[in-house]
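Data first, discussion second: the structure below is written as structure tokens.
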Amino acid sequence: MKKLALHWKIIIGMILGIIFGFLMNSVSGGKDFVTDWIAPFGKIFINLLKLIAVPLILASLIKGISDLKDISKIKSMGLRTIGIYIGTTVIAIIIGLSIVNIVKPGVGMPEETIEKIKTTYQGNADVMIGKAKATQDAGPLQALVDVFPSNIFKSFAEPAMLQVIFFALFVGICLLLISEKKAKPLIDFFDSLNEVVMKMVDLIMLFAPYAVFALMANVIIAFDDTTILVKLLGYAACVVVGLFLMICFYMLLIKLVTKKSPLWFLNRFSPAQLLAFSTSSSAATLPVTMERVEEHLGVDKEVSGFVLPVGATVNMDGTSLYQGIAAVFIMQVIWPEGLTLTNQLVIVGTALLASIGSAAVPSAGMVMLVIVLEAIGFPAELLPIGLALIFAVDRPLDMCRTVVNVTGDATVSMLVAKSLGKLHDNPVPKEWDDNYDKVK
């Protein structure tokens, strides 16, 4: 009997988790039961993925750079990667702005709904504004300073992904600059470490369907006010449609550039997309993204080891699209006089820069949205109300835009690999028990 594919197991776990969450919402004490006895298993799963993220970035990036044997190839790959990332992000923002300006979901929202949302989510909005202020007060070049670690072990612990990436690049380049004999022991170590971590991914993914059940059940019980969700359905639909169009754009690129079938791509990459949806974190999904891209999509480790960690940090197409729609939606509701062409052009530029600096964690896009709104001169006294307007649906939309973020990373890795002749036609996936018969 043929084994059920992993993505189908995850989908089943997701559906059962949603049903279970709704059932627990209607049972006395159900929410507490999910919080105390179900949600921790989802947190354990995310912790395991985060546990291996840093060693995976280190091992794959150092090994990938050292295998290039030519420093000029690093420049070529880096320029292509950043160039494509910027291009897809700009397209995502334009798609978002086009949809929200055509549909106008914020026009005509009842005053009583605005007041109810303001009362319910004012405290959450104030927290996000405080985080955004801390980011803005750091100085114009603080983002550049933050790339260079003063203590790499502290960077591993936080983890500060850009600092980890810089350190890995630095080590990889230095391995190229010393003799091959001296470099080989360290290269062999990171090669072995990479194999061990990828095997960890295989083992952790055995738990994925059950973890997704727990994560989805926990998400559902958090939706207290369904009436507000219904009122915000037009805005949410704009974001979802925009994200869907972005996925279609990726599939078009894959078809035209790599000559691969979009259905083939989705079938092989869907477990990473489903995990991105469940966790709302590009960073937590990164180990699975790398495993899928290398072993199932055929991208060479030299490329995936560089493109994917960078993408998880600086490529946030879904977040950028959301920021464009959210900013215009908020203006349509409470600041219609701000809807000028100049302000929308500023949104394009600011959302692009904000997405690059956005952390690969849940709701980071909300923090960056504050910066986007302030860049267009949005009245400070209206900012808490504006954020409160969209807070009720932020978590489910965050789940959706994370899917786009990781899909964009995988797409760009395939495009870069194709341009460098590093995209393999018939990848052979590894299973967790490949070597089990020899050691059992």
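Taking interchain pairs and intrachain pairs at least six residues apart, which have beta carbon atoms under 6 angstrom, with the first residue in the stretch 74-96 and over 14 Å from residue 303 (Cα atoms) and the second polar (S, T, N, Q)?
Going by the 6 Å Cβ cut-off, the qualifying pairs are 85/315; 89/320; 89/355; 92/320; 93/320.
Which residue out of 232, 253 is in contact with a Leu (Cβ under 9 Å, 6 or more places away or on another chain), within 20 Å of residue 94 (Cβ to Cβ) and not small (Gly, Ala, Ser)?
253 is the lone residue from the list that is in contact with a Leu (Cβ under 9 Å, 6 or more places away or on another chain), within 20 Å of residue 94 (Cβ to Cβ) and not small (Gly, Ala, Ser).
If you go through the stretch 26-46 one residue at a time, do you hit one that is free of Cβ contacts under 8 Å to residues at least 12 places away in the same chain, in a helix (DSSP H, G or I) and touching a helix residue (DSSP H, G or I) at 6+ places or on another chain (Cβ under 7 Å)?
Yes.
So for the stretch 370-387 (the condition being of a type in the set (Phe, Trp, Tyr) and either buried (at least 19 other Cβ atoms within 10 Å of the Cβ) or at positive phi (or both)), does at least one residue qualify?
Scanning the stretch 370-387 turns up at least one residue that is of a type in the set (Phe, Trp, Tyr) and either buried (at least 19 other Cβ atoms within 10 Å of the Cβ) or at positive phi (or both).
For residue 81, are the conditions met, namely being touching a helix residue (DSSP H, G or I) at 6+ places or on another chain (Cβ under 7 Å), part of a helix (DSSP H, G or I), modelled with pLDDT of 95 or more and among the polar types (S, T, N, Q)?
Taking the combined requirement at face value, the residue does not satisfy it.
Conditions first: (1) farther than 28 Å from residue 63 by Cα; (2) of a type outside the set (A, V, I, L, M, F, W, C); (3) surrounded by 24 or more Cβ atoms within 10 Å (Cβ to Cβ). Residue 311 passes all but one, so which condition is the exception?
So the condition that residue 311 fails would be (1).
Anything in the stretch 2-25 that is over 25 Å from the mean Cα position of the chain (by Cα) and in contact (Cβ under 8 Å) with a residue 12 or more places away in the chain? List them, or say none.
Scanning the stretch 2-25 gives 20, 22, 24, 25.
All but one of (1) under 28 Å from residue 199 (Cα atoms); (2) surrounded by fewer than 22 Cβ atoms within 10 Å (Cβ to Cβ); (3) touching a residue at least 40 places away in the same chain (Cβ under 8 Å); (4) not basic (Lys, Arg) hold for residue 213; which doesn't?
Residue 213 satisfies all of (1) under 28 Å from residue 199 (Cα atoms); (2) surrounded by fewer than 22 Cβ atoms within 10 Å (Cβ to Cβ); (3) touching a residue at least 40 places away in the same chain (Cβ under 8 Å); (4) not basic (Lys, Arg) except (2).
When the stretch 190-249 is examined, which residues are found to be modelled with pLDDT of 90 or more, aromatic (Phe, Trp, Tyr) and closer than 27 Å to residue 37 by Cβ?
Across the stretch 190-249, the qualifying residues are 207, 210, 213.
Considering only the stretch 51-77, how many residues are in a helix (DSSP H, G or I) and farther than 16 Å from residue 193 by Cα?
Residues meeting the conditions: 8.
Please work out if residue 367 is within 13 Å of the chain's Cα centre (by Cα) and either in a helix (DSSP H, G or I) or of a type outside the set (A, V, I, L, M, F, W, C) (or both).
Numbers: within 13 Å of the chain's Cα centre (by Cα): no; either in a helix (DSSP H, G or I) or of a type outside the set (A, V, I, L, M, F, W, C) (or both): yes.
Here the answer is no, as residue 367 does not meet what is asked.
Residues 279, 258, 289, 285: which one is surrounded by fewer than 24 Cβ atoms within 10 Å (Cβ to Cβ) and among the hydroxyl-bearing types (Ser, Thr, Tyr)?
258
Please pick out the residue among 149, 159 that is buried (at least 16 other Cβ atoms within 10 Å of the Cβ) and not in a helix (DSSP H, G or I).
Working: 159 fails: buried (at least 16 other Cβ atoms within 10 Å of the Cβ).
Every option except 149 fails the conditions.
Just wondering, is there one or more residues in the stretch 172-186 that are surrounded by 15 or more Cβ atoms within 10 Å (Cβ to Cβ), within 30 Å of residue 21 (Cα to Cα) and in contact (Cβ under 8 Å) with a residue 24 or more places away in the chain? Before the answer, list the steps.
The initial filter retains those residues of the stretch 172-186 that are surrounded by 15 or more Cβ atoms within 10 Å (Cβ to Cβ), namely 172-173, 175-176, 183, 186.
Next cut, within 30 Å of residue 21 (Cα to Cα) only: none.
Looking through the stretch 172-186, none of the residues is surrounded by 15 or more Cβ atoms within 10 Å (Cβ to Cβ), within 30 Å of residue 21 (Cα to Cα) and in contact (Cβ under 8 Å) with a residue 24 or more places away in the chain.
Which residue out of 329, 306, 277 is closer than 25 Å to residue 168 by Cβ, touching a residue at least 60 places away in the same chain (Cβ under 8 Å) and in a helix (DSSP H, G or I)? Give the steps one after another, and end with the answer.
On the way: 329 fails: closer than 25 Å to residue 168 by Cβ; 277 fails: closer than 25 Å to residue 168 by Cβ.
After ruling out the rest, the residue left standing is 306.
Has the stretch 53-62 got at least one residue that is closer than 20 Å to residue 233 by Cα, in contact with a helix residue (DSSP H, G or I) (Cβ under 7 Å, 6 or more places away or on another chain) and either surrounded by 15 or more Cβ atoms within 10 Å (Cβ to Cβ) or among the β-branched types (Val, Ile, Thr) (or both)?
No, there is no match, as no residue in the stretch 53-62 is closer than 20 Å to residue 233 by Cα, in contact with a helix residue (DSSP H, G or I) (Cβ under 7 Å, 6 or more places away or on another chain) and either surrounded by 15 or more Cβ atoms within 10 Å (Cβ to Cβ) or among the β-branched types (Val, Ile, Thr) (or both).
Just one of (1) in a helix (DSSP H, G or I); (2) touching a residue at least 60 places away in the same chain (Cβ under 8 Å); (3) under 18 Å from the mean Cα position of the chain (by Cα) trips up residue 218, so point out which.
Tallying (1) in a helix (DSSP H, G or I); (2) touching a residue at least 60 places away in the same chain (Cβ under 8 Å); (3) under 18 Å from the mean Cα position of the chain (by Cα), residue 218 fails exactly one: (3).
Would you tally the residues in the stretch 376-435 being under 13 Å from the mean Cα position of the chain (by Cα), at pLDDT below 95 and more than 24 Å from residue 350 (Cα to Cα)?
Matching residues across the stretch 376-435 total 0.
Quick one: would you say residue 304 is in contact with a helix residue (DSSP H, G or I) (Cβ under 7 Å, 6 or more places away or on another chain), buried (at least 24 other Cβ atoms within 10 Å of the Cβ) and closer than 29 Å to residue 102 by Cβ?
So residue 304 fails the test.
The values are calculated or read from the model by the stated rules, or taken from the named source; none is laboratory data. What you are looking at is a predicted structure, and each value in this text was computed from that prediction instead of being measured. Every residue, glycine among them, receives a Cβ derived from its backbone with ideal geometry; neighbour counts consider all protein chains shown.
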